[in-house]
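Contents: one structure, followed by commentary.
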Amino acid sequence: MSTTRKRVYGYLAEFKSASALYKAAEKVRDAGFRKWDCYTPYPVHGLDAAMGLKRSILPWFVFFGGITGTATAFTLAYVTQVILYPTVVQAKPTNIFTIPAFFPVMFELTILFSGFTVLFGLLGLMQLPRLNHPLFASKQFHRATDDGFFIAIEARDEKFSPQATRDLLADIGGENIELVEEEQD
Amino acid sequence: MSHHVTSSDIAIQGDHLDNSKVSTIKTILLIIAGVGTVISLLGLFGVFGVWFQGTFAYSWVFAYYFFLTLSIGGVFWTLLHNVSNSGWGTSVRRTFENLGSTFPWVFLFGIPLLFPQVNQYLFEWMNIHRDAGHHSVIDHLHHEDHLLYNKHWFMNIPFWFGRFAFYGIGLTLVIWFLRKLSTNQDTDPIPGVENLFRARFHSTYTLIVFALTITFTGFDFLMGLDYKWFSTMWGVYLFAGSALNSMAVIVLVCTWLKSKGHLQHVTGSEHFHIMGKLMFAFTTFWAYIAFSQYFLIWYANITEETSYFLIRNTGNWNIGMICLVFLHFVVPFIVLLQAWLKKNPKYLSIVAIYTLCMHALDHYLITIPERGVSLGRINHEVFGDIAPAIPGAFWGDILAFVTIGAAFLFVLLRALGQHSLYPNRDPRILESANLSN
């Protein structure tokens, strides 16, 4: 018999419907929990407000990512076309007033840098990619991609208590409440 | 949204504007519009002398087209809402329809353009056509102006009159019919989905009438000011400004109605958020189109095309054009990026007023720089030599703007008072009221 150490991840509770989950999420939010999440088969409108989620910081990353793109393109075009190798095309000036010719590439790099910041910023904030998630240890959790609505409250939340949290989940309509443990080696 | 809106929150008999509360402002607007129109007509037909007649003709086109874009935009948003089968905006759709319903009235202010006393100063190609006298116009153009000879199939006076009638009648019928379908539902004892589906069906092909109207009024009334100039971007450019600024008017009207205690329960920050996003989208679209037009003309450097920008990049007009780049695009772009701002009707209204000011600048720069150039060419004894601007003509611009603006506001207030302020028996009103985006 091998001795594997197990670490408690938290409680997982199932809810009957999206609206039951929504109302339960409001109660978990009001109970003051921070480290918890909802799992649904499809996006539920307004659930982030019910969970008390703050606005993501991602738009700011994208804003500055986009500005970096604009500045990069302008610098690249200006330095090469005006300073290093002034190129007269169709009698257009080789100075700052050539800027309309730079706009397409400034636009493109703004989009490109914004797009990259969205993608990589999102992956970073979500801590993806990851190979495993403790909740995968639960036998019922795969139904979150089919017809199951779940709330999981993590044990590392300051408000977590083995008995009171279980009672809270039962009170707000949670079923099949399960203590999920992740295996450690 | 504070709570889930149910049918008990919807006004069964509709949410009506109290006409007695706006009667004072309507009377004032009507007096301003009436007095202004009388003075303007006297001026346009030469009672105050040739100088005023010529310079004021341009003021009139500027103010006329500015308010026409707002009305046409109202028709556009109505059509788009119907044809895209939208549910989000049902509670503000009546405002789209009310704004669109000002079109026939605003369009009437274009009637002076039909008269040679007015259009001789605006559309020089008509003068050249009229010079033919009793002779064949084609033969005359063949000898006089080969460009006009080639453009004769489109630019001839009978066809121009025909198009004028088409714009006025076409879009009037479209908005009148769609608004009637919508308002009939308010009192329908068995409100089904029939009116909604009919509106959706009839909004499809009428979008073509809308597209032809915004494009070709732009060609006939604005691009025709210089018959040598052309731009295939022109229609889209005017459409971009029209859609943006009619949405700005809609935001202002909705904010005003909410402050007067109307549209309660059915509109909230989510609706303003969407309308703000549409304003943001069309701010960007306007910049994209405006730059595309400038860019191609600047790069290709063809004489017929560059004349437009040569005039507008001369002297003080250039300051205005550079201002447009930053104040019509960069500033509202950055400001409208904030989600919290778009959700707040008060702040969004401030942006809407700002956008309308920029739209006025945009249209001022479209119409007025042509004045000094054309009038100097037509009659330099009265108007002086060809110059970027004619000193003192500015006061006429204000007169025309205030006159048509007062008339526009009057018919808009009148339209708002005619029916319920939101379609209270529309099958989608609850979907719209509980909007979340």
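Structure notes:
- Close pairs (9 angstrom Cβ cut-off, 6 or more residues apart or separate chains): on the phi > 0 side of the Ramachandran plot and within 12 Å of chain B (Cβ to nearest Cβ) in segment A:40-59, surrounded by 13 or more Cβ atoms within 10 Å (Cβ to Cβ) and modelled with pLDDT of 90 or more anywhere: A:Gly46/A:Tyr22
- Boolean, B:Phe164 is of a type outside the set (Lys, Arg), more than 30 Å from B:Ala11 (Cα to Cα), in contact with a Gly (Cβ under 6 Å, 6 or more places away or on another chain) and assigned by TED's automatic domain parsing to the domain that holds B:Asp226: no
- Residue pairs whose Cβ atoms lie under 9 Å apart, sitting 6 or more positions apart in sequence or on different chains, and linking a residue in segment B:18-45 that is closer than 18 Å to B:Phe408 by Cβ to a partner that is surrounded by fewer than 12 Cβ atoms within 10 Å (Cβ to Cβ), are B:Leu41/B:Val47.
- All positions within segment A:128-156 that are part of a strand (DSSP E or B) and closer than 17 Å to A:Pro41 by Cβ: A:Phe149, A:Phe150, A:Ile151, A:Ala152
- Failed criterion for A:Val28 (all others in (1) part of a helix (DSSP H, G or I); (2) within 13 Å of chain B (Cβ to nearest Cβ); (3) over 17 Å from A:Ser114 (Cβ atoms) hold): (2)
- Unmet requirement for B:Ser23, which otherwise passes all of (1) part of a helix (DSSP H, G or I); (2) under 20 Å from B:Leu257 (Cα atoms); (3) assigned by TED's automatic domain parsing to the domain that holds B:Pro391: (3)
- Just one of the listed residues (B:Thr187, B:Thr183, B:Thr232, B:Thr172) is touching a helix residue (DSSP H, G or I) at 6+ places or on another chain (Cβ under 6 Å), in the same structural domain as B:Ser84 (by TED's automatic domain parsing) and among the β-branched types (Val, Ile, Thr), namely B:Thr172.
Condition check ((1) loosely packed, with under 15 Cβ neighbours inside 10 Å; (2) at pLDDT below 95; (3) within 27 Å of the chain's Cα centre (by Cα)) across all residues:
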| residue | (1), (2), (3) |
| --- | --- |
| B:Phe164 | no, no, yes |
| B:Tyr167 | no, no, yes |
| B:Leu173 | yes, no, yes |
| B:Arg179 | no, no, yes |
| B:Asp186 | no, yes, no |
| B:Pro191 | no, yes, no |
| B:Glu194 | yes, yes, no |
| B:Phe197 | yes, yes, no |
| B:Phe201 | yes, no, yes |
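- Test: residue in segment B:237-259 that is away from chain A (no Cβ under 12 Å) and closer than 24 Å to A:Phe63 by Cα: yes
Here is a yes/no grid of residues against (1) part of a helix (DSSP H, G or I); (2) in contact (Cβ under 8 Å) with a residue 24 or more places away in the chain; (3) among the acidic types (Asp, Glu); (4) within 14 Å of chain A (Cβ to nearest Cβ):
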residue: B:Tyr294; (1), (2), (3), (4): yes, no, no, yes
residue: B:Glu304; (1), (2), (3), (4): yes, yes, yes, no
residue: B:Gly320; (1), (2), (3), (4): yes, yes, no, no
residue: B:His328; (1), (2), (3), (4): yes, yes, no, no
residue: B:Phe333; (1), (2), (3), (4): yes, yes, no, yes
residue: B:Ile353; (1), (2), (3), (4): yes, yes, no, no
residue: B:Met358; (1), (2), (3), (4): yes, yes, no, no
residue: B:Leu365; (1), (2), (3), (4): yes, yes, no, no
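- Total residues in segment A:88-124, condition in a loop (DSSP other than H, G, I, E, B) and away from every other protein chain (no Cβ under 14 Å): 2
- Looking only at segment A:62-88, and only at residues there that are closer than 15 Å to A:Pro100 by Cα and in contact (Cβ under 8 Å) with a residue 12 or more places away in the chain, the one that is surrounded by the most Cβ atoms within 10 Å (Cβ to Cβ): A:Ala73
- Within the option set B:Ala281, B:Ala287, being in a helix (DSSP H, G or I) and touching a His at 6+ places or on another chain (Cβ under 8 Å) holds for one residue only, B:Ala287.
Residue by residue, here is whether (1) crowded, with 20+ Cβ neighbours inside 10 Å; (2) outside the structural domain of B:Leu68 (by TED's automatic domain parsing); (3) under 19 Å from B:Ser259 (Cα atoms); (4) basic (Lys, Arg) holds:
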residue	(1), (2), (3), (4)
B:Val335	no, no, no, no
B:Tyr347	no, no, yes, no
B:Ile368	yes, no, no, no
B:His380	no, no, no, no
B:Ile398	no, no, no, no
B:Val402	no, no, no, no
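- Of all residues in segment B:306-318, those being within 14 Å of chain A (Cβ to nearest Cβ) and under 23 Å from B:Tyr227 (Cβ atoms) number 3.
- Subset tally (residues that are aromatic (Phe, Trp, Tyr) and either within 12 Å of chain B (Cβ to nearest Cβ) or in a helix (DSSP H, G or I) (or both)) for segment A:74-87: 2
- Flag if B:Leu263 is surrounded by 20 or more Cβ atoms within 10 Å (Cβ to Cβ), in contact (Cβ under 8 Å) with a residue 24 or more places away in the chain and on the phi > 0 side of the Ramachandran plot: yes
- Screening A:Ala71 against (1) of a type in the set (Gly, Ala, Ser); (2) away from every other protein chain (no Cβ under 14 Å); (3) under 30 Å from A:Cys38 (Cβ atoms) leaves a single unmet condition, (3).
Conditions (1) at pLDDT 95 or above; (2) outside the structural domain of B:Trp256 (by TED's automatic domain parsing); (3) more than 30 Å from B:Pro391 (Cα to Cα), marked per residue:
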| site | (1), (2), (3) |
| --- | --- |
| B:Ser2 | no, yes, yes |
| B:Ile12 | no, yes, yes |
| B:Asp15 | no, yes, yes |
| B:Gly49 | no, no, no |
| B:Ala57 | yes, no, no |
| B:Val61 | yes, no, no |
| B:Tyr65 | yes, no, no |
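- Helices (runs of 4 or more DSSP H) wholly inside segment B:372-437 that include at least 2 residues being within 14 Å of chain A (Cβ to nearest Cβ) and in contact with a strand residue (DSSP E or B) (Cβ under 7 Å, 6 or more places away or on another chain): none
- Scanning segment B:110-155 for residues that are in contact with a helix residue (DSSP H, G or I) (Cβ under 7 Å, 6 or more places away or on another chain) and within 23 Å of B:Phe210 (Cα to Cα) gives B:Gly110, B:Pro112, B:Leu113, B:Leu114, B:Met155.
- In this structure, A:Ala91 does not qualify as modelled with pLDDT of 95 or more and over 30 Å from A:Arg29 (Cα atoms).
- All positions within segment B:200-241 that are among the small types (Gly, Ala, Ser) and closer than 20 Å to B:Phe123 by Cβ: B:Gly218, B:Gly224, B:Ser231, B:Gly235
The values are calculated or read from the model by the stated rules, or taken from the named source; none is laboratory data. A quick note: this is a predicted structure, and the numbers were derived from the prediction, not measured. Ideal geometry is used to build each Cβ from the backbone, glycine not excepted, and the neighbour counts take in all protein chains shown.
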